[in-house]
Amino acid sequence: MTFDGFETLAIHAGQEADAETGAVVVPIYQTSTYAQDGVGGLRGGYEYSRTANPTRTALEECLAALESGARGLAFASGMAAEDTLLRTIAGPGGHVIIPGDAYGGTFRLFSKVLERWGLEWDAVDQTDPAAVRRAMRPSTVAVWTESPTNPLLNITDIETMAEIAHDGGALLVVDNTFASPYLQRPLLLGADVVVHSTTKYMGGHSDVVGGALVAADPELGERIAFHQNTMGAVAGPFDAWLTLRGAKTLGVRMDRHCANAEKVVEALSGHPAVREVLYPGLPEHPGHKVAERQMRAFGGMVSFRLRDGEEAALRVCDRARLFTLGESLGGVESLIEHPARMTHASTAGSPLEVPADLVRLSVGIESADDLVADLLAALD
Ligand SMILES: *Cc1c(COP(=O)(O)O)cnc(C)c1O
């Protein structure tokens, strides 16, 4: 018999009870190096903690299982994971297609850092597959997709993106941070690599910064592992432990995030101060049908635009009390932010600029009635 349900894997994959002590929870192996029994005589395959550490290994195996991939790798942050992946799969003259509304930090990595090293990129609206197909070049090494996107919550058809990328001999990379593997598993839809900021839903408690890559192909996984060890932006033992602890409850947390988000969407949708609610669970959302097909539910992120423009958006952010004004997302506590001035300030003046009347919510798992009451008070 195999026990391979998602919640079972979250709690058990990579996390056998300790053979020597019986410890049920994987210990924090706070060590940099390992004693050898004679030169090269490694006891558990470990020689130095940049290369591998047992706490990190447990997290990496768990992440691979949750994403249905061959190899998981844990990094010091989501951006460290992205940088490591891009330096593994691309070099000078290589071309990558990124979303028209990519995560601000991803956009900055391409535009301010990797471009200087000769990497070429185009930001394309990926809700339009024909536009992505047109943007493919012989030198395209990857299509980089996010779905849902941050902060506009656009939906990209992952199967179609995989087809387009593979037709052009490129990889499909999916940043699955917003959905988490509980709601969406891109590798099963044809993607080659999944990227995570585990800082968000995976960790889930706003107490650790981390990143991850999961590769479908073990050979690509091995090449990424080589670069992870060579560049060294690894997750430390305590960070890996916190992330692993968070991942155990991912399923139950996501169920509540989604249920609460639906109640918030319902309250915002009829409100006179709100011009538009952006949420893939709404039947009128342009990506609703695709989201229904590729996601288990529609997630805990909600964005909305105010009728009275930027001032009104800033006012709501200021007046919310239970929703904490802050960047980041995916924790148990609810957050509110103004993307144009906060998370996405670096996109100002670029084609990726976000509307100034936009407010983004990370709906937490507090009592839904309290969350709705707080937003209604902030809007009135
Ligand atoms: C936060 C985030 C990242 C970057 O991750 P860090 O852990 O902050 O480095 C990448 N992609 C998305 C979608 C994010 O929300």
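Working carefully through the options Leu375, Leu361, Leu329, Leu352, find the one that is open to solvent by less than 20 Å² (accessible area, probe 1.4 Å), in contact (Cβ under 8 Å) with a residue 60 or more places away in the chain, assigned to a helix (DSSP H, G or I) and aliphatic (A, V, I, L, M). Give the steps one after another, and end with the answer.
Details: Leu361 fails: assigned to a helix (DSSP H, G or I); Leu329 fails: assigned to a helix (DSSP H, G or I); Leu352 fails: assigned to a helix (DSSP H, G or I).
Leu375 is the lone residue from the list that is open to solvent by less than 20 Å² (accessible area, probe 1.4 Å), in contact (Cβ under 8 Å) with a residue 60 or more places away in the chain, assigned to a helix (DSSP H, G or I) and aliphatic (A, V, I, L, M).
Give Val274, Val354, Val265, Val316 a once-over and let me know the one that is touching a Ser or Thr at 6+ places or on another chain (Cβ under 7 Å) and outside the structural domain of Ala123 (by TED's automatic domain parsing). First the steps, then the outcome.
Details: Val274 fails: touching a Ser or Thr at 6+ places or on another chain (Cβ under 7 Å); Val265 fails: touching a Ser or Thr at 6+ places or on another chain (Cβ under 7 Å); Val316 fails: touching a Ser or Thr at 6+ places or on another chain (Cβ under 7 Å).
Going through Val274, Val354, Val265, Val316 in turn, the sole match is Val354.
Considering the stretch 40-76 alone, what residues qualify as being closer than 23 Å to Ala23 by Cα, outside any helix (DSSP H, G or I) and in contact with a Pro (Cβ under 9 Å, 6 or more places away or on another chain)?
Of everything in the stretch 40-76, those that are closer than 23 Å to Ala23 by Cα, outside any helix (DSSP H, G or I) and in contact with a Pro (Cβ under 9 Å, 6 or more places away or on another chain) turn out to be Gly44, Tyr46, Ser49, Asn53.
Taking the criterion of being within 18 Å of the chain's Cα centre (by Cα) and open to solvent by 30 Å² or more (accessible area, probe 1.4 Å), would at least one residue in the stretch 99-110 satisfy it?
At the first step, the residues of the stretch 99-110 found to be within 18 Å of the chain's Cα centre (by Cα) are 99-110.
Add one more test, that the residue is open to solvent by 30 Å² or more (accessible area, probe 1.4 Å), and what stays is 103, 108.
There is at least one residue in the stretch 99-110 that is within 18 Å of the chain's Cα centre (by Cα) and open to solvent by 30 Å² or more (accessible area, probe 1.4 Å).
Answer yes if at least one residue in the stretch 212-231 is closer than 27 Å to Val359 by Cβ, open to solvent by less than 40 Å² (accessible area, probe 1.4 Å) and touching a Phe, Trp or Tyr at 6+ places or on another chain (Cβ under 8 Å), and no otherwise.
Just the residues of the stretch 212-231 that are closer than 27 Å to Val359 by Cβ, to begin with: none.
Checking the stretch 212-231: not a single residue is closer than 27 Å to Val359 by Cβ, open to solvent by less than 40 Å² (accessible area, probe 1.4 Å) and touching a Phe, Trp or Tyr at 6+ places or on another chain (Cβ under 8 Å).
Of all residues in the stretch 12-51, count the ones that are open to solvent by less than 50 Å² (accessible area, probe 1.4 Å), polar (S, T, N, Q) and farther than 25 Å from Gly221 by Cα.
0
What's the number of the condition Val302 fails, among (1) more than 24 Å from Ala356 (Cα to Cα); (2) touching a helix residue (DSSP H, G or I) at 6+ places or on another chain (Cβ under 7 Å); (3) of a type in the set (Val, Ile, Thr)?
Of the numbered conditions (1) more than 24 Å from Ala356 (Cα to Cα); (2) touching a helix residue (DSSP H, G or I) at 6+ places or on another chain (Cβ under 7 Å); (3) of a type in the set (Val, Ile, Thr), the odd one out for Val302 is (1).
Would you mention how many residues in the stretch 178-192 are touching a Gly at 6+ places or on another chain (Cβ under 7 Å), open to solvent by 10 Å² or more (accessible area, probe 1.4 Å) and not in a helix (DSSP H, G or I)?
Residues in the stretch 178-192 being touching a Gly at 6+ places or on another chain (Cβ under 7 Å), open to solvent by 10 Å² or more (accessible area, probe 1.4 Å) and not in a helix (DSSP H, G or I): 1 in total.
Considering Gly204, Gly221, which residue is within 16 Å of the ligand (Cβ to nearest atom) and either more than 20 Å from Ala135 (Cβ to Cβ) or in a helix (DSSP H, G or I) (or both)? Don't jump to the end; show me each part of the working.
Numbers: Gly221 fails: within 16 Å of the ligand (Cβ to nearest atom).
After ruling out the rest, the residue left standing is Gly204.
Quick check on Val124: is it away from the ligand (no atom under 16 Å from the Cβ) and hydrophobic (A, V, I, L, M, F, W, C)? Working first, answer last.
Values: away from the ligand (no atom under 16 Å from the Cβ): yes; hydrophobic (A, V, I, L, M, F, W, C): yes.
So Val124 fits the description; yes.
Taking the stated definitions as given, is Lys289 without any contact (Cβ under 8 Å) to a residue 60 or more places away in the chain and either within 29 Å of Arg185 (Cα to Cα) or surrounded by fewer than 22 Cβ atoms within 10 Å (Cβ to Cβ) (or both)? Break it down stepwise before answering.
Values: without any contact (Cβ under 8 Å) to a residue 60 or more places away in the chain: yes; either within 29 Å of Arg185 (Cα to Cα) or surrounded by fewer than 22 Cβ atoms within 10 Å (Cβ to Cβ) (or both): yes.
It is true that Lys289 is without any contact (Cβ under 8 Å) to a residue 60 or more places away in the chain and either within 29 Å of Arg185 (Cα to Cα) or surrounded by fewer than 22 Cβ atoms within 10 Å (Cβ to Cβ) (or both).
Would you check if Gly93 is more than 22 Å from Thr199 (Cα to Cα) and open to solvent by 30 Å² or more (accessible area, probe 1.4 Å)?
Values: more than 22 Å from Thr199 (Cα to Cα): yes; open to solvent by 30 Å² or more (accessible area, probe 1.4 Å): yes.
In short, yes.
Looking at Val195, Val173, can you tell me which residue is open to solvent by less than 10 Å² (accessible area, probe 1.4 Å), within 19 Å of Ser328 (Cα to Cα), within 16 Å of the ligand (Cβ to nearest atom) and touching a residue at least 12 places away in the same chain (Cβ under 8 Å)? If you could, list the steps in order and put the result at the bottom.
Values: Val173 fails: within 19 Å of Ser328 (Cα to Cα).
One residue alone meets the criteria, Val195.
Here is a list of conditions, (1) under 20 Å from the mean Cα position of the chain (by Cα); (2) away from the ligand (no atom under 16 Å from the Cβ); (3) part of a helix (DSSP H, G or I), and Gly281 meets all of them except one; can you say which number that is?
Among (1) under 20 Å from the mean Cα position of the chain (by Cα); (2) away from the ligand (no atom under 16 Å from the Cβ); (3) part of a helix (DSSP H, G or I), the lone unmet condition for Gly281 is (3).
Let's see how each residue does on (1) under 27 Å from Pro138 (Cα atoms); (2) within 11 Å of the ligand (Cβ to nearest atom); (3) in contact (Cβ under 8 Å) with a residue 12 or more places away in the chain:
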{"residue": "Ala64", "(1), (2), (3)": "no, no, yes"}
{"residue": "Ala70", "(1), (2), (3)": "no, no, yes"}
{"residue": "Ala74", "(1), (2), (3)": "no, no, yes"}
{"residue": "Gly78", "(1), (2), (3)": "no, yes, yes"}
{"residue": "Thr84", "(1), (2), (3)": "yes, no, yes"}
{"residue": "Arg87", "(1), (2), (3)": "yes, no, yes"}
{"residue": "His95", "(1), (2), (3)": "yes, no, yes"}
{"residue": "Ile98", "(1), (2), (3)": "yes, no, yes"}
{"residue": "Ala102", "(1), (2), (3)": "yes, yes, yes"}
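Being open to solvent by less than 30 Å² (accessible area, probe 1.4 Å) and either more than 22 Å from Ala313 (Cα to Cα) or in contact with a Cys (Cβ under 6 Å, 6 or more places away or on another chain) (or both) is the filter here; which residues of the stretch 269-286 pass it?
Correct list: Gly281 only.
Kindly establish whether Leu119 is farther than 29 Å from His338 by Cα, buried (at least 20 other Cβ atoms within 10 Å of the Cβ) and within 15 Å of the ligand (Cβ to nearest atom).
Numbers: farther than 29 Å from His338 by Cα: yes; buried (at least 20 other Cβ atoms within 10 Å of the Cβ): yes; within 15 Å of the ligand (Cβ to nearest atom): no.
Considered against the rule, which asks whether it is farther than 29 Å from His338 by Cα, buried (at least 20 other Cβ atoms within 10 Å of the Cβ) and within 15 Å of the ligand (Cβ to nearest atom), Leu119 comes out as no.
Can you tell me which residue in the stretch 241-264 is farthest from Gly364 (Cα to Cα), limited to those that are β-branched (Val, Ile, Thr) and part of a helix (DSSP H, G or I)?
Restricting attention to the stretch 241-264, the residues satisfying the condition of being β-branched (Val, Ile, Thr) are 243, 249, 252, 264.
The next check asks that each one be part of a helix (DSSP H, G or I); those that pass are 243, 252, 264.
Details: Thr243: 18, Val252: 12, Val264: 11 Å.
Across the stretch 241-264, the extreme among qualifying residues is Thr243.
The values are calculated or read from the model by the stated rules, or taken from the named source; none is laboratory data. Quick caveat: nothing in here was measured; it's all calculated off a predicted structure. Counting neighbours? That spans all protein chains shown, and the Cβs are built from the backbone with ideal geometry, glycine included. Quick note on the areas: whole protein, heavy atoms, side chains included, nothing else; ligands and nucleic acids left out. Shrake-Rupley method; radii C 1.70, N 1.55, O 1.52, S 1.80 Å.
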